Number of protein chains: 2
Amino acid sequence: MSTIVTKFGGTSLCDAAHFENVADILRLDPDRRFVVPSAPGKRFEGDEKVTDLLYACHALALEGKDFAGPLDKVGARFEEIARALGLSDRWARALSAIRERIPNERTADYAASRGEYLCGVMLSEYLGWDFLDPTEVIFFDAEGRLDSECTHTLCKVRLTKHSRAVIPGFYGAMPDGAVRTFSRGGSDITGAIVARAAGAFLYENWTDVPGFLMADPRIVDKPRLITSLTYRELRELSYMGASVLHEEAVFPVRKAGIPVNIRSTVHPDHPGTRIVPWTDEVDSTITGIAGHKGFHILTVEKAMMNAEIGFGRRVLQALEELGITFEHMPSGIDTLCVVLDERQLEGKQQALVSRIYELTEPDSVDIKTNIALIATVGRGMVGNRGTSARLFAALTKAGVNIRMIDQGSSELNIIVGVNNADFECAVRAIYAAFVE
Amino acid sequence: MSTIVTKFGGTSLCDAAHFENVADILRLDPDRRFVVPSAPGKRFEGDEKVTDLLYACHALALEGKDFAGPLDKVGARFEEIARALGLSDRWARALSAIRERIPNERTADYAASRGEYLCGVMLSEYLGWDFLDPTEVIFFDAEGRLDSECTHTLCKVRLTKHSRAVIPGFYGAMPDGAVRTFSRGGSDITGAIVARAAGAFLYENWTDVPGFLMADPRIVDKPRLITSLTYRELRELSYMGASVLHEEAVFPVRKAGIPVNIRSTVHPDHPGTRIVPWTDEVDSTITGIAGHKGFHILTVEKAMMNAEIGFGRRVLQALEELGITFEHMPSGIDTLCVVLDERQLEGKQQALVSRIYELTEPDSVDIKTNIALIATVGRGMVGNRGTSARLFAALTKAGVNIRMIDQGSSELNIIVGVNNADFECAVRAIYAAFVE
């Protein structure tokens, strides 16, 4: 039996009409056997997401305050859907139990996960499919990290017992059985875990955008859609942020070589973006451009540093002691730069500089602020000799000053550092050079 | 009293005619008060350097063998010079003492330093200047490293006692008074130390080449001479190797902001290359191109490595434990590359890969061999927007595949990794793009 695992985002399940649309999509292909729903999202600009209301309930409960306000809003959302679809009052009984339990929970995880739970309960009744609670198949370790192997083993066995099932996204269980959620957007991870455990040949991720765009549409006017990209390219484009697919959702499916298809419930006929283990199809030299502002470049200067065993290690030790992660570490002769997300450095700048002085006795330490990083990514760049020339010619023509360049041996990604003020201009110039 | 410290290389003191030439140069400018001679070098293609003969003496003595052969050759060289210049037999008495002491020395330092010593003795007699033995003013610590501050303090006081003096290059004293030499070419360092201690306004380094060339003349046909470059640019060009000026000679003069003038005794009228603390004179966008073959790129892949505190530090710890220094560390997303000199990795490759696996649990580790690094350096590149575009366009046109790019925030140097086989072609292409 071939299996497709299908995940739907919050806007695809925001009201009764969208539930019907989801059911139509599922019925269209009988291989769509397992469905992972998010919690109902915004119906219109300015609307509240169910999950946000639930976080508000927990916050009020923590302060000993009444949280009926937001919880009743949640109830109203589900009631409207149940009534329109002619469903039972199972959701209302579940909501009563939730109302009682919220004040007893120390963390927000339980409350936050109830949107997916209720949505799953309702969808399983509407479809007539089994309901499988993720606390029975998705496990976190005592530190709250996904226990991926244990999860995979148990989930795989459990799925064989269901021919069709609804598995709510976003959460699982701690070793003591308490509910634990992933970070925001974590239903994508649930879907990927289920796809791997089900041995699916495809993981469909239905959302409200047509797929991955080649560049940020707030910067580039109507950027092209990426029709296919490799897992690897997706990771290299991770500066894009997690707006389309959760960063960690790639790992379970990559392990099993399962392709991911990003589809849009707004344009269900559109093929969307396909993320594949490997492809030799190349549409254009570059696959996409990602980047954002807000980096710092820390520069350490010391004469003859490359002859000093352990110099680089000591610089990185200073970062580690302060719990700071870094993005890149380009270097010249006697100069070592560390590119850091500015949020990593907040409140730690002085301590870091002091510690580097102590550990490395440098000639100087300097921090340049307001740097933006731009990653130009593409499998078509490998072995294509003209890419860097084209990229830098475009930036020159646009008058962009290049503050840093970093290209490792993957040849899949050239990372350029520019001033924050040049960021949009640089992205547009690169896009124009390779795409238009 | 203004002071110039003048250092002469071995070919500039290879025979009596060259001694006369050196004396002419010194007399031409009365500010040339302190002179640092090397040992007599080759007089013709295939000739032996005095220092090589002295190393051979020590090696034979260590094995208990007779070393009269090479030592007599040394004697003959000095005898010829003494006779032609009408000098006393002071050199011959010194040589007898050396002959007796060589078998008692554990290290080669004493023997190796006698070429400079004898040359200095002879030059001081010829010029009628004081002789100052560097064991009285240049000090090494117990680990054999130059004790630069102690040396500076004592040398400064001592130089005030001489209006004109000859100070042999290449050696100094250990804490126990034993002779200790610098690495090959170390007379350049002696000259720089003396220049700083004498408060010289100029350090002249006379050699047999006209100065620094913009590129390796074995690769580029008749490359242009660099007329001026900053200390910083010189360091960035250090891939050039130490053929013109010893790598460490910059540090003492840089501390005091003393310019260095590389001059040629073959063309004494030519102004040579001037190395200065700072200049706003820009002749061309790039100042020089340096590079060499024989690097490896070690690539470590691990999903989400940039979110893992201490990942980079652990990779560098593996290198440190094995005593390996690295050149650069460019990175992508989930990929970290370390560029290493292949000599650093010799016999340690397996151990390094194993240790990285133990410390970082990577997805994969890979070593790419036969990589050449090319540094394109120039103060004219800072803020000059077209540089990278021009550089990469030239490489593209030449059909060179770019394996790595690294530009830190100094903006003074773009480092490119190419295949060994593309090295010469790449250097010629860059030179042609910026110079011709």
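Of note:
- DSSP bridge pairs, the stretch B:89-248: antiparallel proportion in percent, nearest 5: 60
- Per-q log10 I(q)/I(0), chain B, q = 0.06, 0.09, 0.12 Å⁻¹ (Debye; single scatterer per alpha-carbon; no solvent): -0.31, -0.68, -1.08
- Our Cα-only numbers for the stretch A:113-216 put the radius of gyration and Dmax at 14.1, 44 Å.
- Here the stretch B:301-433 is described by how far its Cα atoms reach on the three principal axes: 46, 31, 23 Å, from widest to narrowest.
- The stretch A:90-225, dipole about Cα centre (Lys/Arg Cβ +1, Asp/Glu Cβ -1), debye to the nearest 20: 260
- Computed with a 1.4 Å probe over protein heavy atoms only, the accessible surface of the protein assembly as shown comes to 39 Å² per residue.
- Of the whole protein surface, B:HIS296 contributes about 20 Å² of accessible area at a 1.4 Å probe radius.
- Shown in residue order for the stretch B:199-211 are the 3J(HN,Hα) couplings computed by the Karplus curve 6.51 cos²θ - 1.76 cosθ + 1.60 at θ = phi - 60°: x, 5, 8, 7, 10, 9, 10, 8, 9, 9, 10, x, x Hz (x for Gly and Pro).
- Solvent-accessible area buried by B and A, counting both chains, probe 1.4 angstrom, square angstrom: 5200
- Calculated log₁₀ intensity ratio I(q)/I(0) where the Debye formula runs over C-alpha points of the stretch A:1-133, q = 0.14, 0.20 Å⁻¹: -0.62, -1.15
- Qualifying chymotrypsin sites (Phe, Trp or Tyr not before Pro) for the stretch B:398-436 [loop in DSSP, other Cβ within 10 Å: at most 14]: none
- Annotation for the stretch B:228-324: GluC sites (Glu not before Pro) lying in DSSP loop with at most 12 further Cβ atoms inside 10 Å of their Cβ are B:GLU281.
- Cβ-derived FRET efficiency at R0 22 Å, A:LYS293 paired with A:ARG224, nearest 0.05: 0.40
- Mean Kyte hydropathy of -0.5 or more with a Cα span along the axis of at least 24 Å, helices from DSSP in chain B: B:68-85, B:109-127
- Rounded to 5, percent antiparallel among DSSP beta bridges of the protein assembly as shown: 65
- Antiparallel DSSP beta bridges within chain A, percent to nearest 5: 65
- Dipole in debye (nearest 20) - the stretch A:235-373, about Cα centre, beta carbon charges: Lys, Arg +1; Asp, Glu -1: 360
- The stretch B:1-90: GluC sites (Glu not before Pro) falling in loop per DSSP and having at most 16 other Cβ within 10 Å: B:GLU45, B:GLU48, B:GLU63
- A Cβ-based charge dipole, computed about the Cα centre of the protein assembly as shown with Lys and Arg at +1 and Asp and Glu at -1, lands at about 600 debye.
- Using C-alpha pairs under 8 Å with a sequence gap of at least 6, the mean separation divided by the residue count of the stretch B:1-151 gives a relative contact order of 22 percent.
- Mean-position separation - Cα centroids, the stretch B:119-155 and the stretch A:1-67, in angstrom: 82
- Shielding of peptide B:307-315 by partners, expressed as the average count of other chain Cβ atoms within 10 Å per residue Cβ, is 6.
- Across the copies of the chain, B:GLU20 has label points (7 Å from Cα along Cα→Cβ) spaced 11.2 nm apart, shortest distance listed first.
- Over chain A, Cα pairs under 8 Å with separation of 6+ residues give a relative contact order of 13 percent.
- For the stretch B:191-250, the gyration tensor built on C-alpha atoms gives a prolate shape. Its axis ratio a/c (a ≥ b ≥ c) is at least 1.5, and a/b is the larger of a/b and b/c.
- Comparing A:ALA84, A:ALA39, A:ALA372 in a Gaussian network model of chain A (Cα springs below 10 Å), the most mobile by mean-square fluctuation is A:ALA84.
- For the stretch B:49-91, fraction of C-alpha pairs farther apart than 14 Å, in %: 51
- Estimated translational D of the stretch B:147-200 in µm²/s (Stokes, Kirkwood radius over Cα pairs; 4 °C; 1.567 mPa s): 111
- Note on the stretch A:75-175: with neighbouring protein chains present and a 1.4 Å probe, carbon and sulfur make up 49 percent of its accessible heavy-atom surface.
- When chain A is treated as a Gaussian network with alpha carbon springs shorter than 10 Å, the biggest mean-square fluctuation among A:LEU322, A:LEU54, A:LEU26 belongs to A:LEU322.
- Inter-copy label distances at B:ALA76 (7 Å, Cα→Cβ; nm, one decimal): 10.9
- In chain B, lysine pairs with alpha-carbon atoms under 17 angstrom apart (chain gap of 8 or more, or interchain): 6
- Distance from the stretch B:181-197 to the stretch A:206-263 (C-alpha centre basis), Å: 59
- Within 10 Å of the Cβ of each residue in A:296-306, the mean number of Cβ atoms contributed by other protein chains is 3.
- Residue range of chain A that is longest and free of trypsin sites (Lys or Arg not before Pro) which are both DSSP loop and sparsely packed (at most 12 other C-beta within 10 Å): A:219-436
- Once Rg and the Kirkwood radius are both taken over the C-alpha atoms of the protein assembly as shown, their ratio Rg/Rh works out to 1.12.
The values are calculated or read from the model by the stated rules, or taken from the named source; none is laboratory data. Everything quoted here is computed from the prediction, not taken from an experiment. For neighbour counting, all protein chains shown are included, and Cβ atoms are generated from backbone atoms with ideal geometry for every residue, glycine included. Calculation scope for accessible area: heavy atoms of the full protein, side chains included, ligands and nucleic acids excluded. Shrake-Rupley method; radii C 1.70, N 1.55, O 1.52, S 1.80 Å.
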